[in-house]
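Asks: What follows is a single structure, and I will ask about it in a moment.
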Amino acid sequence: MSTKNIILTSVVVLVAVLVVAGCGGPQLNTGTVESPKIIQAYGEAEIKSAPDLAKISLAVETRYPTAVNAVEENARLASAVREALLAFGLAEEDIVTGSYQLYSYREWFEGQPAGEEEPQAFHAINEIIVTTVKLDSVGEIIDTAVSAGANNINYISFEIDNPQELLLQALKKAAEQATMKAEAIADGSGENITGLHSIREERADYIPYRFQDEMLEEKMGMGGAATPIAPGQVTVRAAVVAEFSF
């Protein structure tokens with residue numbers, strides 16, 4: 001092949017390559033994309049509210065040398081407690097079984113001869129959950145149950161029947177706080193917020209007001225016609241994490 005033909009062939013191939021490269025193939029963008037400028041802020045809110053519902057955890061506990069006796073006596077006392085609560089004015093659906101346990105254990109006593117096996121005992125526990133909207137009657141309900149045979153009060157929980165509205169209010173306040181924080185940060189930096197980039201719920205819950213064992217023992221030891229139980233406020237909490245562009 002002559003030199004002239006070789007040069008002509010090379011020119012044709014080069015033109016073909018340039019045509020293919022310029023027809024719809026990926027284009028290399030040599031420009032840089034600027035990352036968005038973001039301010040992240042955490043917002044939280046807490047709302048206090050009066051409860052409208054009370055849950056009382058009662059228990060009937062029996063201990064006997066035999067399982068049969070422990071179970072039978074427990075059933076008798078639990079039935080008596082239920083009947084007394086119904087007579088007080090509570091509905092069937094307001095009195096439910098929370099849990100039931102039966103277990104055995106060995107009783108040790110001081111002065112027991114060495115090598116002598118501890119006597120076996122059986123412990124039956126019947127938990128009864130009482131729900132009521134009559135918050136002023138909680139003390140009377142407890143006294144009624146104890147008089148009928150309940151011998152343990154696990155807790156009293158003051159709650160909100162439907163906390164959804166309060167949870168939404170708390171989330172709104174948390175979002176407002178996050179916005180104010182971001183605006184303050186931007187203003188202090190000589191910038192302006194231009195928009196909301198993202199936002200997410202961090203938490204939204206409420207905490208019932210609960211009387212525990214020690215508090216109940218103190219209240220029940222005060223005497224009087226009825227155990228004095230005054231409901232405290234429940235706490236609704238919410239938090240969000242928001243990102244704002246500037």
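What follows is calculated from the coordinates using simple rules that are stated; it is not laboratory data. Please read all numbers here as calculations on a predicted model, not as lab measurements. A quick note on method: Cβ atoms are made from the backbone with ideal geometry, for glycine too, and the neighbour counts reach across all protein chains shown.
Asks: Translational diffusion coefficient of the range 133-178 at 4 °C, 1.567 mPa s, Stokes-Einstein with Kirkwood Rh over Cα pairs, in µm²/s as a whole number.
Replies: 94
Asks: So, one more: Between SER198 and VAL96, how high is the FRET efficiency from 1/(1 + (r/R0)^6) when r is the Cβ-Cβ distance and R₀ = 41 Å? Nearest 0.05.
Replies: 0.40
Asks: Within 14 Å, Cβ to Cβ, of GLY190, how many net charges do the neighbouring residues add up to if Lys/Arg are +1 and Asp/Glu are -1?
Replies: Cβ neighbours under 14 Å give a net charge of -2.
Asks: Can you pull the Rg over Rh of the range 64-186, Cα-only, Kirkwood?
Replies: 1.28
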